[in-house]
Amino acid sequence: VTNLVNEGSLATASAPPLDSSIKDFVDGGAEYERTLRENRSAFEDIRFSPRVLVDVSVIDTSTTILGVGVAAPIFTAPTGSHRLLHPQGELATAAGTATAGLGYIASTASSISLEEIATVAGPARWFQLYCFRERDVTGDLVRRATAAGYTALVVTVDAPVLGLRLRDLHNQFNPTELVRWVNLDPYGVSRLPDDTSGAAISRYFVDQIDASLTIDDLAWLCSFGLPVIVKGINRADDAAAVCDAGVAGVYVSNHGGRQLDRTVASLHALPRVVEAVAGRVPVIVDGGVRDGGDVAAACALGAAVAAVGRPVLWAATGGATGVADHLSELCGQLRRSMALLGAPSINELTPDLIMSKEPR
Ligand SMILES: Cc1cc2nc3c(=O)[nH]c(=O)nc-3n(C[C@H](O)[C@H](O)[C@H](O)COP(=O)(O)O)c2cc1C
């Protein structure tokens with residue numbers, strides 16, 4: 001687990017060796033991976049200014065998000081195709097997350113159906129939605145997520161087209177040669193086009209994903225009744241606009257540096273989004289969150305939840321136990337950080353604890 005946190009690469013996971021193109025698919029970012037690197041360096045540059053002589057004999061990492069309690073403000077971010085990492089796929093990652101008492105966001109591109117995932121996920125379970133050109137597909141996914149007991153929709157808006165993922169192109173990688181995006185079986189679009197150039201996911205997005213989505217469509221998505229969280233916000237004006245449109249949460253993300261390279265690091269986008277949201281709805285952030293200190297920093301800068309993408313996939317090579325152990329370790333690190341910061345509860349993680357170096 002320590003290796004996973006420190007090294008930050010699938011190459012260090014202790015489970016059976018994985019195909020290098022799978023490692024690249026997970027670890028890689030778009031273009032020259034500037035945003036991928038800067039998501040991390042933004043956290044690396046954080047310096048704390050801890051309080052002392054605070055009673056930290058009892059530390060409470062728990063919090064409530066959209067009315068549901070979790071052991072810590074940590075969620076598993078939505079990532080697809082988990083069966084690339086472990087035969088149990090999302091059953092392992094969702095069960096492991098539930099064991100750690102944390103929240104789980106199931107991806108549209110899951111390799112286990114959203115209904116099966118729901119049987120093992122904990123109470124804080126959200127469904128990540130890609131909006132399909134075919135409105136009936138999108139609507140049916142929302143209906144199914146509601147019926148399966150997901151408590152929020154996380155609508156991803158930073159992928160109208162796919163980012164240029166050079167590693168996947170180089171490796172001619174097509175994940176659905178290995179797994180199916182089974183949520184999409186009923187609509188006949190669970191496999192990527194037969195494309196050996198490595199551009200299969202990119203072609204799929206062009207064919208299937210609705211690149212015409214605008215803020216006006218949020219009302220339609222909200223009309224299904226589940227709280228809607230918009231994932232992929234980086235700007236204050238967008239954050240304010242989606243709040244005005246009635247969403248229940250704003251999710252700061254650059255897709256782990258996999259979409260537009262040179263997008264500002266998530267941690268640097270966070271404060272301006274938090275200011276624009278002005279407490280109206282919770283703000284979620286992901287991108288480079290690797291240890292408990294990162295979670296503490298994100299919360300101090302105004303995030304209600306920090307979500308973790310790749311580390312859960314690295315840990316998934318150890319199945320549900322690997323995921324539970326890794327996330328529990330993350331919670332333990334958060335607890336220790338809070339004690340040393342003089343912040344015994346989550347709402348005592350405040351901006352005055354942070355002294356950032358200047359962004360690079
Ligand atoms: C392998 C992989 C698959 C992903 N699939 C999705 C997806 O299906 N939907 C989505 O909204 N984001 C997806 N993401 C982005 C994550 O939700 C998240 O924004 C990102 O991984 C966070 O950064 P981190 O990996 O540095 O923690 C994916 C990321 C990875 C690494």
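The values are calculated or read from the model by the stated rules, or taken from the named source; none is laboratory data. Fair warning: this is a prediction, and the values are worked out from it, not measured in the lab. With ideal geometry, Cβ positions are generated from the backbone for all residues, glycine too; neighbour counts draw on all protein chains shown.
For the reader, a short list of remarks on this structure follows.
- Residue selected from the stretch 234-266 under the condition in contact with a Lys or Arg (Cβ under 6 Å, 6 or more places away or on another chain) and within 21 Å of R40 (Cα to Cα), by the criterion farthest from the ligand (Cβ to nearest atom): R262
- Cross-chain or 6+ apart pairs with Cβ under 7 Å, the stretch 222-245 first and closer than 15 Å to S266 by Cβ and modelled with pLDDT of 95 or more, then among the basic types (K, R) and part of a helix (DSSP H, G or I): A236/R272
- Checked across the stretch 251-260, the condition of being part of a helix (DSSP H, G or I) and among the charged types (D, E, K, R) holds for no residue.
- When the stretch 28-75 is filtered for residues that are within 30 Å of P227 (Cα to Cα), within 15 Å of the ligand (Cβ to nearest atom) and of a type in the set (S, T, Y), only T35 remains.
- Put simply, of D261, D217 the only residue that is under 16 Å from P160 (Cα atoms) and out of contact with any helix residue (DSSP H, G or I) (no Cβ under 6 Å at 6 or more places or on another chain) is D217.
- Selected residue (only one of R51, R37 is assigned to a helix (DSSP H, G or I) and modelled with pLDDT of 95 or more): R37
- Considered as a group, the residues in the stretch 301-317 that are in contact with a helix residue (DSSP H, G or I) (Cβ under 7 Å, 6 or more places away or on another chain) and over 19 Å from E38 (Cα atoms) include one that is farthest from the ligand (Cβ to nearest atom), and that residue is G302.
- The single residue among A324, A315, A320, A303 that is touching a His at 6+ places or on another chain (Cβ under 6 Å) and either in a loop (DSSP other than H, G, I, E, B) or in contact (Cβ under 8 Å) with a residue 60 or more places away in the chain (or both) turns out to be A315.
- Output for the stretch 82-106, where each listed residue is surrounded by fewer than 24 Cβ atoms within 10 Å (Cβ to Cβ) and near the ligand (Cβ under 9 Å from one of its atoms): L84
- Within the stretch 287-300, the set of residues being buried (at least 24 other Cβ atoms within 10 Å of the Cβ) and near the ligand (Cβ under 8 Å from one of its atoms) comprises G287, G288, V289.
- Residues in the stretch 118-131 that are away from the ligand (no atom under 13 Å from the Cβ) and in contact (Cβ under 8 Å) with a residue 12 or more places away in the chain: A118, V120, A121, G122, P123, A124, R125.
- Meets criteria (under 11 Å from G302 (Cα atoms), within 15 Å of the chain's Cα centre (by Cα) and more than 11 Å from the ligand (Cβ to nearest atom)) for V283: yes
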